[in-house]
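Engineer: Attaching a single structure in structure tokens format; questions to follow.
Values quoted throughout were computed directly from the atomic coordinates according to the rules given, and no laboratory measurement underlies them. Quick caveat: nothing in here was measured; it's all calculated off a predicted structure. All Cβ positions, even for glycine, are placed from backbone atoms using ideal geometry, and neighbour counts span all protein chains on display.
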Amino acid sequence: MPERPPFAIRARLVTPASDGGARHELDGLLEVDAGGRIGAVRAFAELEGTPETPVVDLRPWVLLPGLVDLHAHLPQLPNAGLGAGLDLLTWLERYIFPLERGFDEATAERLAPAAFRALAAAGTTTAVLYGAVYEPSLDASFRAAEAHGIRAVIGKVMMDRVTYDDTLRPADILDLSLRQSADLCARWHGRDGGRLRYAFTPRFAVSCTADLLRESAALAGSTGAYWQTHLSEDLGELAEVARLFPESSDYLDVYDRAEGLGKRSILAHAIHLSDREILRMAESGSRVAHCPASNLFLASGAMRLARYLEAGVLVGLGSDVAAGPELSIFGAMRSGAYTQSALRVAGDSRPVLGPLDWLRMGTLEGARALGLEGVIGSLEAGKEADFIALDPSLTVPLPGVVAPADDPASSDAEALISRLIFRAHPAMVRGAWVRGRRLAGPV
């Protein structure tokens with residue numbers, strides 16, 4: 001990566017720690033070296049003498065690790081907020097397939113740069129994205145991500161049973177989709193020192209044959225790329241999968257038979273899994289992208305998250321725009337917390353996550369899901385400098401009224417993160433950096 005002048009930021013710092021727990025510095029210093037890595041994280045009071053690098057004082061702003069969005073649909077952003085309450089399959093036919101049908105290269109060139117700016121403005125520095133079925137639009141999306149500076153995993157949607165591309169003969173779709181996806185992977189996977197990566201992306205079992213699932217998983221395995229798809233999102237979807245794959249014992253078994261499970265597999269939603277499926281998820285090391293805002297928006301269901309965590313399943317967060325109505329991972333945290341509270345009211349006695357747990361899920365656990373926990377996900381020396389700066393004054397309950405000196409959020413990390421989650425303001429992210437480079441998007 002190109003070197004830039006080293007710098008340091010003085011601000012309040014909150015981060016999950018790799019060895020568990022969290023670190024909170026009321027007056028901290030984050031030092032970034034010329035290679036875009038975190039050189040040191042410490043209390044400002046530990047600084048002796050005149051610092052060797054320029055120090056930017058952002059107090060009273062807060063620095064957090066950059067957020068990781070494990071599941072969103074790049075072409076769908078224009079439809080965010082449409083179709084609340086529809087079931088998944090109806091929503092896809094009415095709102096999504098017509099939109100994705102128009103996501104050609106020219107549309108991607110216009111839309112993708114704005115999408116990456118919007119992601120950065122929401123605090124997302126790493127995004128795992130579905131494209132459309134058209135190869136040129138994926139090249140355009142990757143070019144935009146390369147220029148913007150965001151860390152991204154992107155894949156061409158693969159559909160050979162049900163598809164919205166009516167320009168192809170059905171007999172040609174499977175081979176063409178596999179070839180185009182392999183070509184995209186060869187061009188983009190690992191680009192810029194691994195900042196850009198590829199994910200083979202069969203949409204879901206309803207739209208894919210067993211051959212496509214199996215061959216795409218084999219390509220992901222042979223190239224070291226990711227494999228992403230949807231799993232067990234909607235009860236109507238489950239019924240259709242059972243009809244299409246009668247030889248499989250359950251939905252997860254469809255992907256297991258395709259040899260699609262493993263540590264580089266990201267399965268979105270996974271709401272309605274049986275105990276057997278949850279145990280198999282944990283055993284295989286497959287990752288879950290939990291999308292609670294989307295699950296509520298389409299009335300798909302309420303994930304009993306604690307069951308998955310108790311079983312050892314690795315879970316990160318996804319916005320799932322456009323089924324999720326906003327890009328903010330803080331919004332996903334909020335929806336997830338409300339869902340767990342509702343389940344507790346309904347009689348689920350399992351423990352629920354606290355604010356710092358949700359922060360970890362949206363940062364370090366997302367990085368772990370991608371196998372990047374040694375690179376990003378927390379503010380720790382030696383990691384790449386992916387972080388965000390937030391203005392917590394925008395989240396105070398009475399705008400324009402200074403919070404009292406004894407406001408818990410002014411000194412307690414749990415209270416601060418609770419405010420950022422449950423009173424998130426669309427303008428509170430004031431800057432986002434990847435490898436020490438500030439991204440276009442926030443003011």
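Engineer: Using Cα-Cα distances under 8 Å and only pairs 6 or more residues apart, what relative contact order does the range 67-369 have, in percent? Mind dumping the intermediate values first?
Structural biologist: On the way: 606 pairs, mean separation 62.2, N = 303.
Contact order relative to length: 21 percent.
Engineer: Measure of size requested: the Rg and Dmax of the chain, with Cα atoms as the atom set and Å as the unit; please supply both.
Structural biologist: 21.4, 71
Engineer: Apply the Karplus parameterisation 6.51 cos²θ - 1.76 cosθ + 1.60, with θ equal to phi minus 60°, to every residue of the range 376-383 and state each ³J(HN,Hα) to the nearest whole Hz, in sequence, with x for glycine and proline.
Structural biologist: 9, x, 7, 8, 9, 4, x, 7
Engineer: Taking 7 Å along the Cα-to-C-beta vector as the label spot, tell me the Ala242-Ser393 distance in nanometres, rounded to one decimal.
Structural biologist: Result for the modelled spin labels: 5.7 nm.
Engineer: So, one more: Can you give me the distance in nm between label points at Ala282 and Ser349, each placed 7 Å from the Cα along the Cα-to-Cβ direction?
Structural biologist: For the pair Ala282/Ser349, the computed spacing is 1.9 nm.
Engineer: Set the Förster distance to 25 Å, then compute FRET efficiency between Asp172 and Arg101 from the Cβ-Cβ distance, nearest 0.05. Don't jump to the answer; show the numbers that get you there.
Structural biologist: Working: r = 18 Å, r/R0 = 0.71.
It comes out at approximately 0.90.
Engineer: What net charge do the residues around Leu213 carry, taking every other residue with its C-beta under 14 Å from that of Leu213, with Lys and Arg at +1 and Asp and Glu at -1?
Structural biologist: Here the count lands on -3.
Engineer: Where in the range 299-332 is the amide nitrogen less than 19 Å from a point lying 7 Å along the Cα-to-Cβ axis of Tyr338?
Structural biologist: What the label zone holds, given the 19 Å backbone N cut-off, is 299-306, 317-332.
Engineer: Let me check I've understood the local charge: for Ile417, count other residues with C-beta under 13 angstrom from its C-beta, Lys and Arg +1, Asp and Glu -1. What total comes out?
Structural biologist: +3
Engineer: Would you grab the residues whose amide H sits under 5 Å from the one on Met158? Only those 5+ places off in sequence or on another chain, please, with H modelled 1.01 Å from N.
Structural biologist: Here the answer is Thr201, Arg203, since their amide H atoms fall under 5 Å of that of Met158.
Engineer: Karplus couplings for the range 24-29 from phi (6.51 cos²θ - 1.76 cosθ + 1.60, θ = phi - 60°), rounded to Hz, Gly and Pro as x?
Structural biologist: 9, 10, 4, 10, x, 9
Engineer: Which of Thr395, Thr209 has the fewest other C-beta atoms within 10 Å, and how do the rest follow up to the most? List each step's numbers first, then the result.
Structural biologist: Numbers: Thr395 21, Thr209 18.
By the 10 Å Cβ count, ascending, the order reads Thr209, Thr395.
Engineer: Which whole-number percentage describes the relative contact order of the range 362-423, with Cα contacts under 8 Å and a sequence gap of 6 or more?
Structural biologist: 20
Engineer: Moving to a separate point now. In terms of modelled amide H atoms, which long-range or inter-chain residues lie less than 5 Å from the amide H of Gly28?
Structural biologist: Residues meeting the amide H criterion: Ala11, Arg12, Leu13, Phe44.
Engineer: While we're on this one: What residue among Ala144, Ala84, Ala205 has its Cα farthest toward the positive end of the dipole of the chain, where the charges are +1 on Lys, Arg and -1 on Asp, Glu, each on the Cβ?
Structural biologist: Final value for the positive-end residue is Ala144.
Engineer: Would you mind calculating the gained length between Ser411 and Ser274 on full extension (0.36 nm times residue separation, minus the Cα-Cα distance), in nm to one decimal?
Structural biologist: 45.1 nm
Engineer: Could you work out how far helix 413-422 tilts from the main Cα principal axis of the chain, as a 0 to 90 degree angle to the nearest 10?
Structural biologist: Helix 413-422 and the main axis of the chain meet at about 50 degrees.
Engineer: Would you mind computing, in nm to one decimal, how far apart the modelled labels at Glu93 and Ala381 are, each placed 7 Å from Cα along Cα→Cβ?
Structural biologist: Rounded to a tenth, the inter-label distance reads 6.0 nm.
Engineer: Also, quick follow-up: Taking the Cα atoms only, what angle lies between the long axis of helix 235-244 and the longest principal axis of the chain, rounded to 10 degrees?
Structural biologist: Relative to the chain, helix 235-244 is tipped by roughly 40 degrees.
Engineer: Next question. Per 0.36 nm of contour for each residue apart, how much would the distance between Leu235 and Arg257 grow if the chain were fully extended, relative to their Cα-Cα spacing?
Structural biologist: So the extension gain works out to 5.8 nm.
Engineer: Considering only the other residues whose Cβ falls under 13 Å of the Cβ of Ala72, what net charge follows from Lys and Arg at +1 and Asp and Glu at -1?
Structural biologist: -3
Engineer: Post the alpha-carbon centroid distance, the range 381-443 to the range 162-208, in whole angstrom.
Structural biologist: Taking the Cα centre of the range 162-208 as reference, the centre of the range 381-443 is 37 Å away.
Engineer: Using unit Cβ charges (K, R positive; D, E negative) and no other charged atoms, how large, in debye to the nearest 20, is the dipole of the chain about its Cα centre?
Structural biologist: In debye, rounded to 20, the chain gives about 480.
Engineer: What list of ³J(HN,Hα) couplings, whole Hz, do you get for the range 118-129 from phi and the Karplus terms 6.51, -1.76, 1.60, once you set θ to phi - 60° and write x for glycine and proline?
Structural biologist: 5, 4, 4, 5, 8, x, 8, 10, 10, 10, 10, 10
Engineer: Which cross-chain or sequence-distant (5 or more) residues have an amide H under 5 Å from the amide H of Arg430, H modelled 1.01 Å from N in plane?
Structural biologist: Those qualifying (amide H under 5 Å, at least 5 residues apart or on another chain) are Ala389, Leu390, Asp391.
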